[in-house]
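Colleague: Structure in structure tokens, see below.
The values are calculated or read from the model by the stated rules, or taken from the named source; none is laboratory data. Note that the structure is predicted; figures quoted are calculated from it, not measured. Cβ atoms come from the backbone with ideal geometry, glycine included; neighbour counts cover every protein chain shown. We work out accessible area using only protein heavy atoms, side chains counted, and drop any ligands, DNA or RNA first. Shrake-Rupley method; radii C 1.70, N 1.55, O 1.52, S 1.80 Å.
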Protein chains: 4
Amino acid sequence: FDAALRGGEVHFGTHLDVTSYAEGVRETHNPSGRALPAVVWDFYQNGCSLRLLCPQAFSSTVWNFLSILQEQFGSMAGANTYLTPPGTQGFAPHYDDIEAFVLQLEGKKHWRVYRPRRDAEVLPQFSSANLTQAELGEPVLETVLEAGDLLYFPRGFIHQGDCLPDAHSLHITVSSYQRNSWGDFLEKLIPAALQMALEEDVEYRRGLPMDYLQYMGVANSDTVDARRTAFVEKVQSLIKKLIDYAPIDAAVDQRAKSFLHDCLPPVLTQSEKAQSVYGFPARWQDGAPRDVDILITKDTEVRLLRHGIVRLCNEEAGVMLYYTTENSRVYHKEEPKFIELDPEYTDSIEFLLSSYPNHITVDNLPCETLEEKISLATLLFEKGILTTKKPLVQV
Amino acid sequence: FDAALRGGEVHFGTHLDVTSYAEGVRETHNPSGRALPAVVWDFYQNGCSLRLLCPQAFSSTVWNFLSILQEQFGSMAGANTYLTPPGTQGFAPHYDDIEAFVLQLEGKKHWRVYRPRRDAEVLPQFSSANLTQAELGEPVLETVLEAGDLLYFPRGFIHQGDCLPDAHSLHITVSSYQRNSWGDFLEKLIPAALQMALEEDVEYRRGLPMDYLQYMGVANSDTVDARRTAFVEKVQSLIKKLIDYAPIDAAVDQRAKSFLHDCLPPVLTQSEKAQSVYGFPARWQDGAPRDVDILITKDTEVRLLRHGIVRLCNEEAGVMLYYTTENSRVYHKEEPKFIELDPEYTDSIEFLLSSYPNHITVDNLPCETLEEKISLATLLFEKGILTTKKPLVQV
Amino acid sequence: FDAALRGGEVHFGTHLDVTSYAEGVRETHNPSGRALPAVVWDFYQNGCSLRLLCPQAFSSTVWNFLSILQEQFGSMAGANTYLTPPGTQGFAPHYDDIEAFVLQLEGKKHWRVYRPRRDAEVLPQFSSANLTQAELGEPVLETVLEAGDLLYFPRGFIHQGDCLPDAHSLHITVSSYQRNSWGDFLEKLIPAALQMALEEDVEYRRGLPMDYLQYMGVANSDTVDARRTAFVEKVQSLIKKLIDYAPIDAAVDQRAKSFLHDCLPPVLTQSEKAQSVYGFPARWQDGAPRDVDILITKDTEVRLLRHGIVRLCNEEAGVMLYYTTENSRVYHKEEPKFIELDPEYTDSIEFLLSSYPNHITVDNLPCETLEEKISLATLLFEKGILTTKKPLVQV
Amino acid sequence: FDAALRGGEVHFGTHLDVTSYAEGVRETHNPSGRALPAVVWDFYQNGCSLRLLCPQAFSSTVWNFLSILQEQFGSMAGANTYLTPPGTQGFAPHYDDIEAFVLQLEGKKHWRVYRPRRDAEVLPQFSSANLTQAELGEPVLETVLEAGDLLYFPRGFIHQGDCLPDAHSLHITVSSYQRNSWGDFLEKLIPAALQMALEEDVEYRRGLPMDYLQYMGVANSDTVDARRTAFVEKVQSLIKKLIDYAPIDAAVDQRAKSFLHDCLPPVLTQSEKAQSVYGFPARWQDGAPRDVDILITKDTEVRLLRHGIVRLCNEEAGVMLYYTTENSRVYHKEEPKFIELDPEYTDSIEFLLSSYPNHITVDNLPCETLEEKISLATLLFEKGILTTKKPLVQV
């Protein structure tokens, strides 16, 4: 927190929220402009909680942690950091639309967690509004977290945390699985399935019965009519037959493409940096550029930097390789990054994916000519997607 | 045609197209501005065809004819009128996205009709581009229409018509069933079904498997993997189960509502006019309004002007009665017209629908009080929806 | 009024306002949709005033009257018609941004007119809000208009009219000179003058003094500083010199062009119609067009239909002839209508303008060839701009 | 350059242009995405020039230099840095709309500078397109700049620079005075003057002559007509009288306000930082915030950080103090920053401005109460506008 504030690029509202919750009233106190330490700490001293949004933009540790989690979850991982003064509570009870992992970093916090109140709130699609104490029952869990503790609660579990009178609290909440349900997948899949069915199956293109408006409709829903039965059965059979047209794998690729846009870029270790384009020694020195040529040969051993940083998608416009290495630490600050690939490179990308985490020699790439192998490897190296086993040395 | 042009409100492009098709080239020759007879007939004399769009706006006969057809078809009925000089052709061969009825009004026209060329063009969703003669096979029908003849061809049948050297041609083409297929219905129904399933069934809200991006996707489509099988079966069962959540009747009502917006207003006979608000004698005379009060009593006998001019829809905001009597003869020139009704009037509307075409007395309406009966009948009468058996006479 | 309502195309809000003013409260009672006589007269019987907007769209008499006035005023002429029940008032006292001419058509109306209350309200740019009786002083005029009377009051004069207990009132208010002041003209002229000065005079392009922000500004307005004096004098001399760059005639043409777009189209007498393209006998008869060719010869005698229906403007894209004959009776329903002319036709247009109202023979047009003379005359005839002394007879 | 590229946040197009000019053809070679050293230096090695846009965002030295210049010039100061390989030219000859100062940093560059070709290009408002060698005459100056040299040329002077075969070139071009001419000032001033004249002087609100469209306009410009003379004289007198209504000081304040939005934020020395809110010791330490209270007393000695960082503007909504301290180093990345002030603080702001660069005690501020003095000083201190003579020490 302190480091982020001193960095000088924290703005109220965009990066930092100042909040309070007392006597059932939840308030936000953000002024406008830059969040300078003297002003922020003054709010804190007056009992306000501080929520640092997007700590991954300020802390490399958080960035690294989330970038590993996102690959494990197959779904974007986000985070907020919360600092709460002793004896206060910053937020009203509520439930969220994400899986939550609370990591206590400093101090202590008293938590109460409640089961979903009804079936419709189990694993909900959307977060709740702020709730009142009167709307809550008995907590299913009540505990005090201390530094090092971890608390998990699923989508839909109501929760509230407050500080004991004698200790402040600093914790980070990691979230994932927002809009990542079967239903979210079907929202992509089913319009595509219907489109395909319309193109391929004349049954979907046949005209509706001329008289259907007369016996169908809510006003007729209790009428017994053979035409109603036939209409309903026809609709049901067409829905069922959508299964045959559902482009499941293509829809997964579309979700993967969106996911890669959501992803944080990978964090590189020092040695990974040295083995990648980011550590490549090209530089300006003594009035001229030095060590500029990327000398990849047939014997260069290469691998993907990470398994999950690329995705091949067959699109109308061609074969696209989406990748995360040029994403920003700030959500969607960059447009989706992709390279259009010659379709004959598809096998090489799949070979790199299946070989991971082992290195392969460029010569082993399943391209037709050596020139193509080197050209593809150089392209991927320049985008930070490929690393070499040894740092590339200039001749 | 002549009458429309003399009316002075025909504009090139908006109401009238000037076209030609010669040596495989289809051209449009519309100048800008108003279509004055001297200019239009000059084009005709030079071999151009004339297409009058929306003749229902200029001719009450066409309006009346289409307003009857739309109710029969349960789908908007449109029309264009074509005037072609002897020995010429105005349009390239093509197929349309509508059912077509060609009525020869004057002169003769030589028609060639061709079957759809492949399965994907049977009952197509969209019209074709202009085709070349080389793309056509043998016609399934070749004939010369004379005044009074009718030619029908379905969506997707390619057609071209040209004039014999010795006779001009005037015909009207009536069209219907545009975007009126089972698939079009499913495009409304299925998103609503999925929305409902998400709300009511937790299976749709459960998270996707954490690793699905790894084994699903087009690149993995040939892989044998038990996880793939499980994923696909889960998706299929969820699609199938959509049947249980599909709000079929509500989706029909939504289509009915759109249809009522598309509809032409009804055409009234002289006696219907006298029995409706349009013939009501309220007027200004000798410095004051006369015969203003609409005196509907419990004994007034009423009925709907037409069966298909109203539709009840249950919407979030309330019970809405959509109606066509205030539509324009020009497509969608007016916004959808509706009245919000007290839900307790639902039965009365349904009673009026089921009694049609018989008259009922206002007293027979299933409202609670006589005041309500008269109030509802007066409201519907004022909108032109209800007619009385006898013209309302002033006391 | 009655005729307009029976025409069936009057809509509340768009064409007709239902208003009342009682006990200092001004209300509008417009329902939605079409204004049917039974509903409108019911409002009237209950004491509401009716304002028919744009009566020129419903009455050819009003259209004709306004089309003559607009040419006299050199500014758009509009109108509203007001029908007020006995013993009521429809509007709160207020002043308008137009010159107003009230013509009493039927019944009587009691008017009170008040001088502008202060200098800033003399000939105001904008209309006032509704005023209260307490804000008014003594009327400068109080009178009762009877059928045939005319009352004029200028922009900024507050007015209110109410009906005597024993008589209704029907009057039309004709308005003109909206946004037609010297200041409105300068708003067009001065940006053009400055643009021209910037292009032609380096004095306007020289940089501002480096330090002017320090001694200029409201905070320094009382400071005595030679640099301030120099800055102010420089600005004043540059404003004064704008006079030399002001393209006065071109700015007038721009206003004229806007005015022609605002104009009503001219109303033709029966004989004018016969002499124009609107009466040209081209028609469809017995299966073919008849009398299509417009046979203008060197001896045809022609003139402009009206003097004010055309305006030549030199624009960047070329010489444009703007004209009003294809305007709509509804304000700005049509885009501005113009023909791009070969610059060498400029003299012919000016010759037609200066000859008006006399006829000239086509041969007298100052074009180079006879072909050009006939071509120009035919073009103008086809647009309804030119009439012939005798109806064009077919050979 | 090298440091900027290594920083990793340089993007092609946004921050860096890769260009070439050979055989009269000027090309841009920007790929998409991030500009990594290996890729950038490869372009350079192949003879491309590099233009680093906005070097002030990457170099504090440039930022500092420009922030001083902007205050001197009273106009935004910008910069680009150019790196050119030996024996090449990166740009076609052209002129710019700014005053240009070329500082040679490394290597050498051969420059040719040409006078404006005609009066209309002296001190032009807009930059030229790329010119061909054939369009140029003889240079007014031809010289080779070496490291440490400075070349100035004014708006409108055509220039081209190329590298000698044996030396690369690195230079920075500082620009200012874009859109900062008397004409640009008049574009703000004159519409305001006309608005004021319309409100205050009825002469501007009087109607135009009814017949002016007939004798005015380009077609009449050669006509001798007393009405023309009168019209022109009236317009001229109204233009001249605008001088009386021109709100010169208010228009300067509006320009100052825009300028403050354009400005770079000030660069602080170490000691200035210690004396400002940016060095204030508020921090998080051992589980609690420390040294949070800003203890300004009546004896605290304060001054503005810089003279040009604030501007008072009287606006309709109130008295606004615009300031630059929260601007971004990237042009207009932040919205204009301002505080609404109680009008009674106006004198205190002016006192701070006139005392600069001397310190004053808070007690000397011309506010009514000591509480107000401290409140104002604290507010300005918190925004970074005010510094204290000694760092604020915590009790």
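Colleague: Which is without any contact (Cβ under 8 Å) to a residue 12 or more places away in the chain, away from chain C (no Cβ under 11 Å) and of a type outside the set (A, V, I, L, M), of B:344, B:315, B:334?
Modeller: Only one candidate passes the filter, namely B:315.
Colleague: I've got another one for you. Across the range A:316-337, what is the number of residues that are under 20 Å from residue B:216 (Cα atoms) and touching a Lys or Arg at 6+ places or on another chain (Cβ under 9 Å)?
Modeller: Qualifying residue count for the region: 5.
Colleague: If I ask for residues that are touching a helix residue (DSSP H, G or I) at 6+ places or on another chain (Cβ under 9 Å) and either among the hydrophobic types (A, V, I, L, M, F, W, C) or assigned to a loop (DSSP other than H, G, I, E, B) (or both), which ones from the range C:289-301 would you list?
Modeller: Hits for the range C:289-301 are C:291, C:292, C:293, C:294, C:296, C:297, C:298, C:299, C:300.
Colleague: To continue, here is another question. If a residue must be outside any strand (DSSP E or B) and either at pLDDT 95 or above or surrounded by 16 or more Cβ atoms within 10 Å (Cβ to Cβ) (or both), how many such residues does the range D:106-118 contain?
Modeller: The number of residues fulfilling the criteria is 3.
Colleague: Can you name the residue in the range B:204-223 that is aliphatic (A, V, I, L, M) and assigned to a helix (DSSP H, G or I) and, of all such residues, is modelled with the lowest pLDDT?
Modeller: It comes out as B:219.
Colleague: Taking the condition of being without any contact (Cβ under 8 Å) to a residue 12 or more places away in the chain and under 33 Å from the mean Cα position of the chain (by Cα), how many residues in the range B:347-379 meet it?
Modeller: 2
Colleague: Continuing with this model, one more query. Counting only residues that are open to solvent by less than 50 Å² (accessible area, probe 1.4 Å), closer than 30 Å to residue D:254 by Cα and over 14 Å from the mean Cα position of the chain (by Cα), how many does the range D:57-79 have?
Modeller: 2
Colleague: Another one. Tally the residues that are under 21 Å from residue B:251 (Cβ atoms), assigned to a strand (DSSP E or B) and not acidic (Asp, Glu), restricting the search to the range B:302-340.
Modeller: The qualifying residues number 12.
Colleague: Here's something else I'd like to know. When you go through B:308, B:318 one by one, which is the residue that is surrounded by 21 or more Cβ atoms within 10 Å (Cβ to Cβ) and modelled with pLDDT under 95?
Modeller: Result: B:308 is the single residue among B:308, B:318 that is surrounded by 21 or more Cβ atoms within 10 Å (Cβ to Cβ) and modelled with pLDDT under 95.
Colleague: Scan the range D:230-258 for residues that are basic (Lys, Arg) and under 26 Å from residue D:340 (Cα atoms) and jot them down.
Modeller: Hits for the range D:230-258 are D:255, D:257.
Colleague: Any idea which residue in the range C:167-179 is nearest to the other protein chains (Cβ to nearest Cβ), counting only those that are assigned to a strand (DSSP E or B) and open to solvent by 20 Å² or more (accessible area, probe 1.4 Å)?
Modeller: So, considering only residues that are assigned to a strand (DSSP E or B) and open to solvent by 20 Å² or more (accessible area, probe 1.4 Å), the one nearest to the other protein chains (Cβ to nearest Cβ) is C:170.
Colleague: Taking the condition in contact (Cβ under 8 Å) with a residue 40 or more places away in the chain and of a type outside the set (D, E, K, R), does residue B:31 pass?
Modeller: The answer is no for residue B:31.
Colleague: Among the numbered criteria (1) at the interface with chain C (Cβ under 10 Å from one of its Cβ atoms); (2) under 26 Å from residue D:314 (Cβ atoms); (3) open to solvent by less than 40 Å² (accessible area, probe 1.4 Å), which single criterion is violated by residue D:254?
Modeller: The number of the failed condition is (3).
Colleague: So, one more: Within the range B:21-56, restricting attention to residues that are aliphatic (A, V, I, L, M) and surrounded by fewer than 20 Cβ atoms within 10 Å (Cβ to Cβ), which residue is nearest to the other protein chains (Cβ to nearest Cβ)?
Modeller: Applying the filter and picking the extreme gives B:53.
Colleague: Do any residues in the range C:197-225 that are at positive phi and at the interface with chain D (Cβ under 7 Å from one of its Cβ atoms) have Cβ atoms under 9 Å from those of residues that are part of a helix (DSSP H, G or I) and small (Gly, Ala, Ser), where the two are at least six apart or on different chains, and which pairs are they?
Modeller: Final answer for the pair search is C:217/D:250; C:217/D:256.
Colleague: Let me ask something additional. List, please: which pairs have Cβ atoms under 7 Å, are six or more places apart or on different chains, and start with a residue in the range D:262-290 that is more than 29 Å from residue D:54 (Cβ to Cβ) and open to solvent by 40 Å² or more (accessible area, probe 1.4 Å) and end with one that is in a loop (DSSP other than H, G, I, E, B) and aliphatic (A, V, I, L, M)?
Modeller: Between residues of the range D:262-290 that are more than 29 Å from residue D:54 (Cβ to Cβ) and open to solvent by 40 Å² or more (accessible area, probe 1.4 Å) and residues that are in a loop (DSSP other than H, G, I, E, B) and aliphatic (A, V, I, L, M), there is no close pair.
Colleague: Hey, another quick one. Please report, ordered by residue number, the helices (runs of 4 or more DSSP H) entirely within the range D:224-285 with at least 2 residues that are over 27 Å from residue D:66 (Cα atoms) and touching a Lys or Arg at 6+ places or on another chain (Cβ under 9 Å).
Modeller: D:226-245
Colleague: Is there a residue in the range B:195-202 that is buried (at least 21 other Cβ atoms within 10 Å of the Cβ) and closer than 30 Å to residue B:249 by Cα?
Modeller: Within the range B:195-202 (the criterion being buried (at least 21 other Cβ atoms within 10 Å of the Cβ) and closer than 30 Å to residue B:249 by Cα), the answer is yes, since at least one residue qualifies.
Colleague: Also, quick follow-up: If the requirement is being open to solvent by less than 30 Å² (accessible area, probe 1.4 Å) and either more than 21 Å from the chain's Cα centre (by Cα) or touching a residue at least 12 places away in the same chain (Cβ under 8 Å) (or both), which of these qualifies: A:164, A:131, A:141, A:103?
Modeller: A:131
Colleague: Scanning the range D:57-82 for residues that are within 15 Å of residue D:16 (Cβ to Cβ) and polar (S, T, N, Q), which turns out nearest to the other protein chains (Cβ to nearest Cβ)?
Modeller: Per the criteria, the residue is D:81.
Colleague: If you go through the range A:73-81 one residue at a time, do you hit one that is more than 19 Å from residue D:382 (Cβ to Cβ) and in a helix (DSSP H, G or I)?
Modeller: Yes, because at least one residue in the range A:73-81 is more than 19 Å from residue D:382 (Cβ to Cβ) and in a helix (DSSP H, G or I).
Colleague: Another question about this same structure. When only residues in the range D:86-100 that are open to solvent by less than 10 Å² (accessible area, probe 1.4 Å) and part of a loop (DSSP other than H, G, I, E, B) count, which is nearest to residue D:160 (Cα to Cα)?
Modeller: The selected residue is D:93.
Colleague: Go through the range B:227-244 and count every residue that is buried (at least 18 other Cβ atoms within 10 Å of the Cβ) and either of a type in the set (Val, Ile, Thr) or under 29 Å from the mean Cα position of the chain (by Cα) (or both).
Modeller: Number satisfying all stated conditions: 2.
Colleague: Let me ask something else. Quick one: how many residues across the range C:349-381 are of a type outside the set (A, V, I, L, M), outside any loop (DSSP other than H, G, I, E, B) and surrounded by fewer than 21 Cβ atoms within 10 Å (Cβ to Cβ)?
Modeller: Within the range C:349-381, residues that are of a type outside the set (A, V, I, L, M), outside any loop (DSSP other than H, G, I, E, B) and surrounded by fewer than 21 Cβ atoms within 10 Å (Cβ to Cβ) number 11.
Colleague: Also: Can you say whether residue B:328 is hydroxyl-bearing (Ser, Thr, Tyr), over 23 Å from residue B:293 (Cβ atoms) and open to solvent by less than 70 Å² (accessible area, probe 1.4 Å), as far as the supplied structure shows?
Modeller: It is true that residue B:328 is hydroxyl-bearing (Ser, Thr, Tyr), over 23 Å from residue B:293 (Cβ atoms) and open to solvent by less than 70 Å² (accessible area, probe 1.4 Å).
Colleague: Something else now. For the range C:217-226, name all the residues that are within 16 Å of residue D:349 (Cα to Cα) and open to solvent by less than 50 Å² (accessible area, probe 1.4 Å).
Modeller: C:217, C:220
Colleague: Okay, next question. All but one of (1) within 7 Å of chain C (Cβ to nearest Cβ); (2) open to solvent by 40 Å² or more (accessible area, probe 1.4 Å); (3) under 39 Å from the mean Cα position of the chain (by Cα) hold for residue D:182; state the number of the condition that does not hold.
Modeller: Unmet condition: (2).
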